[in-house]
Amino acid sequence: AVLADVTAREAATVPADGGHTIWALVRHMTGWADEVHQRLRGRTAQEPDGGDWPAPAGTTEADWQADIARLFAVHRALADAVRQAL
């Protein structure tokens, strides 16, 4: 819900303090959730395939929506894997 009204432009805006953008945070969380999921499936611990802070693949609203969808898909897969491991 917190990302529902965030536009691609807002997500790509660098905060005044120079911190990470919302978009960068979304991609960072996606990468690390996927890395944990892969570790549960037997992968050797390493940095996510896309890197620690992967840059967005594009700048459009469609690119932003795709990254949000991937964040949720990866978290669902991780949650399912954890449930199955219990």
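The values are calculated or read from the model by the stated rules, or taken from the named source; none is laboratory data. This structure is a prediction, so every number in the text was calculated from the model and none was measured. FYI the Cβ positions are ideal-geometry reconstructions off the backbone, even for glycines, and counts take in every protein chain you see. Quick note on the areas: whole protein, heavy atoms, side chains included, nothing else; ligands and nucleic acids left out. Shrake-Rupley method; radii C 1.70, N 1.55, O 1.52, S 1.80 Å.
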Take the Cα gyration tensor of the stretch 2-41, multiply each eigenvalue by 5, square-root it, and list the three semi-axes largest first, rounded to whole angstrom. 25, 12, 6
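Where only protein heavy atoms count, and the probe is 1.4 Å, what is the accessible area per residue for the chain in Å²? Kindly include the intermediate steps, with their values, before the conclusion.
Working: 5630 Å² over 86 residues.
It amounts to 65 Å² per residue over the chain.
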What FRET efficiency, computed as 1/(1 + (r/R0)^6) with R0 = 30 Å and r the Cβ-Cβ distance, is obtained for Arg9 and Ala77, rounded to the nearest 0.05? 0.55
Rg [Å, one decimal], Dmax [Å, integer] - the chain, C-alpha atoms: 14.0, 43
Report, to the nearest 10°, how far helix 61-85 tilts away from the longest principal axis of the Cα atoms in the chain, using its own Cα long axis and a range of 0 to 90°. 20
Those residues of the stretch 7-22 whose amide nitrogen sits under 19 Å from the label point placed on Thr59, 7 Å along Cα→Cβ: 7-16, 18-22
